[in-house]
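K.L.:
Submitted below is the structure of interest, expressed as structure tokens.
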Amino acid sequence: MRYFLIFINDLLWGSVMIYLLAGAGLWFLWLIRRLPLRYVSAFSAALKNNNAAPGGSITPFQALTIAFAARAGSGNLVAAALALIAGGPGAIFWMWVASLLGMAITFAECTLAQLYRRRDSKGQLRGGPAWYMEHALGMYWIARLFAVLLVLTFGFLFNALQANAISRVASYTFNLPPEASAVPLVVLVVLMVRRGIQGIARVTQWLVPLFALAWIIPALGVLIWHIDRLPDILWTILSGAFGWHSAAAGAMGYTLGQALNNGFQRGMFSSEAGLGSTPNVAGATVGALQHPASQGLVQIMGVFIDTLVIGSLSGTLLLLSGVMDNTSLPVDGHLMMYNAMTVLLGSWGGNFITLVFCCFAFISIAANVVYAENNLGFLTRISPYQSILFRAGVATMVVLGCFVSMPSVWQLAKIAMALMAIINLLAILMLAPVVKVIVSDWLRQRKLGLDPVFDPAHYPELNLSLEPGVWDNHIPGSYQEHNHSHRL
């Protein structure tokens, strides 16, 4: 069974997904007029006035930290290691390319999630791919299929895998039995998720920056200490990316196809671009965001920090340590990073990276619960009993993940990811004209020197698909008032 799943994954991720993600990324990068590259300064403006969000919704900054937490699980910290193992140093370059394309895709899907968001039975704002599939495209059953896949994948499969990663690295580093990881982990997860999206958001807005800096600052310190070796490492990455290094290395070298394929895969895994996960928090934000494109800008910075910064640091440290040349080491991303930090910093470096792994994996579990519960709410009106039952299922999978090795679960999760990505990418490609309208509206207001505010009355063809009152701009600072004052 496992080999059949591997075959399906090779088929999906080795050809179909590569072309679909690359094509969609290039298309949206052109369609949004390279917005992620031209208006990086607008990121801080999109995060301003982050006061507490009312009614169970979250602020733009909280949405950014939840999405970052989901991406930056233990798997993301070793994405560079896995890319290097399979594709050589050149895979790092193609991870960078994939991240750039991923920014454009993330912008498009998060902008659409903001635009087509709805209020649930409690009056809380909710949105995501399932919402724009149903309300913008009329794809009722496809929207529900996507929601079911996301609940199963993020609610159960991914959380079991994160728990398994924590248990394995804790056992390898500290010689801890599985129960020593399972008991505190499940207690912390239950305590964190019991208050829903706002409770998790309050925790991630403090923990995510802390954990990220705890990894970035020491990693930068190591690179500065070895700065004289960085030009050689950069040349190794670039030469491997285009097959130049493989020509000199002979039969043991990596080909251009290996570097491109594996680097692209790991870059997309790391950013989760096109997967349809990040839009689930993008559609729940309130506060300073008065235009759908603003949330898109917020979330592309998450991709930048998570994949380009953290992923690049991890890959560079691996190459700097020389552990990739040691064929006696186990072919495992977590253990490769552990050994790399041990070589560079001594035994405390290995212990340190293990703690970072566990912290990121823990907050990733909480963020995954947010995504899953959001889509569960799309499928049904969640009763308190259903909520308790769902969270009990999550806790059960976390415990199982600590005790049981799950290679087939990872293969199932990859297949589910590919199916979600195919459905979501086709949906946002069909909605590309809407993305173009939203971007043009945002750019026009920026050129006028205004803070962009979306007014659906200007776009009656879109207004029919939007929920009345969600984009009510009859407030101080509205688009109409800005234009009126500008004309005066």
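The values are calculated or read from the model by the stated rules, or taken from the named source; none is laboratory data. This is a predicted model, so every value here is computed, not measured. Reconstructed Cβ throughout: ideal geometry from the backbone, glycine too, with neighbour counts over all protein chains shown.
K.L.:
Anything in region 455-465 that is assigned to a helix (DSSP H, G or I) and farther than 19 Å from I32 by Cα? List them, or say none. Before the answer, list the steps.
P.N.:
Narrowing region 455-465 to residues assigned to a helix (DSSP H, G or I): 456-458, 460-463.
Hits for region 455-465 are P456, A457, H458, P460, E461, N463.
K.L.:
Of the residues L425, L400, L419, which is touching a helix residue (DSSP H, G or I) at 6+ places or on another chain (Cβ under 7 Å), closer than 13 Å to L161 by Cβ, of a type in the set (A, V, I, L, M) and part of a helix (DSSP H, G or I)?
P.N.:
Details: L425 fails: closer than 13 Å to L161 by Cβ; L419 fails: closer than 13 Å to L161 by Cβ.
Residue meeting the stated conditions: L400.
K.L.:
List every residue pair whose Cβ atoms lie under 9 Å apart, where the two residues are 6 or more positions apart in sequence or sit on different chains, the first residue falls within region 413-430 and is within 17 Å of G23 (Cα to Cα), and the second residue, located anywhere, is among the charged types (D, E, K, R) and assigned to a helix (DSSP H, G or I).
P.N.:
Matching pairs, first to second residue: N424/E109; L425/E109; A427/E109; I428/E109.
K.L.:
Continuing with this model, one more query. Only residues that are surrounded by 17 or more Cβ atoms within 10 Å (Cβ to Cβ) and in a helix (DSSP H, G or I): list them for region 325-342, please. Reasoning before the result, please.
P.N.:
Residues of region 325-342 surrounded by 17 or more Cβ atoms within 10 Å (Cβ to Cβ): 332-342.
G333, H334, L335, M336, M337, Y338, N339, A340, M341, T342, listed by residue number.
K.L.:
When you scan region 388-408, do you find a residue that is of a type outside the set (D, E, K, R) and in contact with a Pro (Cβ under 8 Å, 6 or more places away or on another chain), even just one?
P.N.:
Just the residues of region 388-408 that are of a type outside the set (D, E, K, R), to begin with: 388-390, 392-408.
Now restrict to residues that are in contact with a Pro (Cβ under 8 Å, 6 or more places away or on another chain): 402-403.
Looking through region 388-408, at least one residue is of a type outside the set (D, E, K, R) and in contact with a Pro (Cβ under 8 Å, 6 or more places away or on another chain).
K.L.:
Name the single residue, out of those in region 22-61 being crowded, with 24+ Cβ neighbours inside 10 Å and modelled with pLDDT of 90 or more, that is nearest to Q445 (Cα to Cα).
P.N.:
Residue satisfying both the conditions and the ranking: F28.
K.L.:
Something else: Could you please find all residues in region 331-367 being modelled with pLDDT of 90 or more and in contact with a Lys or Arg (Cβ under 9 Å, 6 or more places away or on another chain)?
P.N.:
Across region 331-367, the qualifying residues are S364, A367.
Yes or no, residue by residue, for (1) buried (at least 24 other Cβ atoms within 10 Å of the Cβ); (2) without any contact (Cβ under 8 Å) to a residue 40 or more places away in the chain:
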{"site": "R266", "(1), (2)": "yes, no"}
{"site": "A273", "(1), (2)": "yes, no"}
{"site": "S277", "(1), (2)": "yes, no"}
{"site": "A282", "(1), (2)": "yes, no"}
{"site": "P292", "(1), (2)": "yes, no"}
{"site": "Q295", "(1), (2)": "yes, no"}
{"site": "L320", "(1), (2)": "no, no"}
{"site": "L355", "(1), (2)": "no, yes"}
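K.L.:
Among the listed residues N351, N375, identify the single one that is polar (S, T, N, Q), farther than 29 Å from R391 by Cα and in contact (Cβ under 8 Å) with a residue 40 or more places away in the chain.
P.N.:
Details: N375 fails: farther than 29 Å from R391 by Cα.
Step by step, each of N351, N375 is checked, and only N351 is polar (S, T, N, Q), farther than 29 Å from R391 by Cα and in contact (Cβ under 8 Å) with a residue 40 or more places away in the chain.
K.L.:
Is it the case that F378 is out of contact with any Ser or Thr (no Cβ under 8 Å at 6 or more places or on another chain), buried (at least 19 other Cβ atoms within 10 Å of the Cβ) and assigned to a helix (DSSP H, G or I)?
P.N.:
Taking the combined requirement at face value, the residue satisfies it.
K.L.:
Also, I was wondering about something else. Given the condition modelled with pLDDT under 90, assigned to a helix (DSSP H, G or I) and touching a Gly at 6+ places or on another chain (Cβ under 7 Å), answer yes or no: does some residue in region 198-218 qualify?
P.N.:
Within region 198-218, one or more residues are modelled with pLDDT under 90, assigned to a helix (DSSP H, G or I) and touching a Gly at 6+ places or on another chain (Cβ under 7 Å).
K.L.:
Still on this structure, please answer the following. If you go through region 175-187 one residue at a time, do you hit one that is assigned to a helix (DSSP H, G or I), buried (at least 16 other Cβ atoms within 10 Å of the Cβ) and touching a Gly at 6+ places or on another chain (Cβ under 6 Å)?
P.N.:
Step one: filter region 175-187 for residues assigned to a helix (DSSP H, G or I), giving 178-187.
Imposing the further condition that a residue be buried (at least 16 other Cβ atoms within 10 Å of the Cβ) reduces the set to 178, 181-182, 185-186.
In the following step, the residues that additionally are touching a Gly at 6+ places or on another chain (Cβ under 6 Å) were identified as none.
No.
K.L.:
Shifting gears a bit: Any residue at all in region 434-454 that's within 27 Å of the chain's Cα centre (by Cα), at pLDDT 90 or above, outside any helix (DSSP H, G or I) and under 30 Å from G23 (Cβ atoms)?
P.N.:
Yes, region 434-454 contains at least one residue that is within 27 Å of the chain's Cα centre (by Cα), at pLDDT 90 or above, outside any helix (DSSP H, G or I) and under 30 Å from G23 (Cβ atoms).
K.L.:
Under 6 Å between Cβ atoms, which residue pairs at least 6 apart in sequence (or on different chains) link something in region 125-150 that is under 11 Å from N424 (Cα atoms) with a partner that is surrounded by fewer than 24 Cβ atoms within 10 Å (Cβ to Cβ) and β-branched (V, I, T)?
P.N.:
From residues that are under 11 Å from N424 (Cα atoms), the pairs are M133/I142; F146/I423.
K.L.:
Please tell me if G283 is out of contact with any Asp or Glu (no Cβ under 8 Å at 6 or more places or on another chain), modelled with pLDDT of 85 or more, of a type in the set (G, A, S) and over 27 Å from F357 (Cβ atoms). Full working, then the answer.
P.N.:
Details: out of contact with any Asp or Glu (no Cβ under 8 Å at 6 or more places or on another chain): yes; modelled with pLDDT of 85 or more: yes; of a type in the set (G, A, S): yes; over 27 Å from F357 (Cβ atoms): yes.
Yes: the conditions hold for G283.
K.L.:
Any residue in region 254-270 that is at pLDDT 85 or above and not small (G, A, S)?
P.N.:
The initial filter retains those residues of region 254-270 that are at pLDDT 85 or above, namely none.
No: region 254-270 contains no residue that is at pLDDT 85 or above and not small (G, A, S).
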